[in-house]
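This report concerns only the one structure given below.
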Amino acid sequence: MAELGPELGYEVVAIGRPELDLADAPARIAEALEQARPDIIISAAAYTAVDRAESENDLAFAVNARGAGAVADSARCLGVPLLHLSTDYVFDGSKPTSYVEEDSTRPTGVYGRSKLAGEQLVLDTHDDVAVLRTAWVYSPFGANFVKTMLRLAGGADEVRVVADQHGNPTSALDIAEALLTVAANLLASNAAELRGLFHLAGTGEASWADLAEQVFASSAEAGGPSARVRRIGTADYPTPAKRPSNSRLSCERLRHAHGIAMPEWRSSTRRVVRRLVEQC
């Protein structure tokens, strides 16, 4: 967002710790946001350590629920729209087809429950808001699946990757572009259909193994490291938190309301991998 916004003519003020910590008291969160004098707020910060959340329930809820609610209350008091990012983990993954916004939420772990509580607080606190659930996010920045695969390929000929979980791989670069479009739409119109709950994820579905194979193919094309993928089951890679076997999100509501069609995941993966390889 900080990279794309100025390119498109937007001033982006990034606020993070220690100036703004979502685990802080609501008054401190409000003070930090008020000092920024925003026209719109994009709330993308979260506690995202899915497995560690199982043993840090209080911190996960402090950040993802109470902190999210405090940001929404601040946006309401400032009289500005709010975009809030959420997650596919609000679902249990048992549905055989893509999830739509009206589907029942049944999170299976602390992370998903805390994010669902945050969604509900945001929507209950502020009317001028768009909550956007996304999934399987990767980026040229920070720790994520794509960067992990490239690191592993640098030291191994074969990488074991789960093949029985399916979702929509989503580039953070595409998310940033979509968020700026939604933000512009909210600022330009008071239409109710632009607000509420939406799904925001890459076009097309894949398993984690499929995504890994695309990462390695894209890396090889760019002269970077590559490896073979050994497909394994979820049972072969136990984790403290249960992952949804189906994380596919239908984004039709977003397309109809905001005119956003997310790029096909393979092309976006290729773009990010090439950038990472060129940076090495």
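General observations
- Computed lengthening from Asn57 to Ala241, 0.36 nm per intervening residue step minus Cα-Cα distance: 65.0 nm
- Efficiency of FRET between Glu102 and Ala49 - r from beta-carbon atoms, R0 35 angstrom, step 0.05: 0.75
- CD proxy at 222 nm, helix term only [per DSSP H run n ≥ 4: -39500 (n - 2.57); per residue of the chain; nearest 500]: -12000 deg cm²/dmol
- Share, in percent, of DSSP beta bridges within the range 94-241 that are antiparallel, nearest 5: 15
- Rounded to whole Hz, the Karplus (6.51, -1.76, 1.60) HN-Hα couplings of the range 108-113, x for glycine and proline: 9, x, 4, 4, x, 5
- Dipole of the chain, positive direction: furthest Cα of Pro18, Val137, Ser104, with charges on the beta-carbon: Val137
- If R0 is 41 Å, the Cβ-Cβ spacing of Arg151 and Cys77 corresponds to a FRET efficiency of close to 0.40.
- Counting only alpha carbon atoms, the long axis of helix 208-221 and the longest principal axis of the chain meet at about 70°.
- Where the Cα pairs of the range 4-279 fall when distances are cut into 10 Å bins, in %: 7, 28, 36, 23, 7, 0
- HN-Hα J in Hz across the range 88-104 - Karplus 6.51, -1.76, 1.60, θ = phi - 60°, x for Gly and Pro: 5, 5, 6, 9, 8, x, 8, 6, x, 10, 5, 7, 10, 4, 7, 5, 5
- Within the range 24-70, the proportion of Cα pairs with more than 17 Å between them is 40 percent.
- Remark: the range 79-234 carries a charge dipole of roughly 580 debye about the Cα centre, counting +1 on each Lys and Arg Cβ and -1 on each Asp and Glu Cβ.
- Helix 265-279 axis, angle to the chain major axis (alpha carbon atoms, nearest 10°): 80
- Extension gain (nm, one decimal) between Thr234 and Thr181, 0.36 nm per residue minus Cα-Cα: 15.4 nm
- Net charge dipole size for the range 101-180 [Lys, Arg +1 and Asp, Glu -1 on Cβ; Debye, nearest 20]: 500
- Ile15/Glu193 FRET efficiency (R0 35 Å; Cβ-Cβ; nearest 0.05): 0.75
- For the range 169-184, the Karplus equation 6.51 cos²θ - 1.76 cosθ + 1.60, evaluated at θ = phi - 60°, returns couplings of x, 9, 7, 5, 5, 5, 4, 4, 5, 5, 4, 5, 5, 4, 4, 4 Hz by residue, with Gly and Pro reported as x.
- DSSP-defined beta bridges in the chain - what % are antiparallel, rounded to 5: 10
- Those chymotrypsin sites (Phe, Trp or Tyr not before Pro) in the range 51-151 that DSSP places in a loop and that have at most 14 other beta carbons within 10 Å: Phe141
- Student exercise, the range 4-279 dipole from Lys, Arg, Asp, Glu Cβ charges, in Debye to nearest 20: 700
Every number in this text was worked out from the coordinates using simple rules, so none of it is lab data. None of the values given here were measured: they were computed from a predicted structure. When we count neighbours, we look across all protein chains shown, and the Cβ atoms used for this are built from the backbone with ideal geometry, even at glycine.
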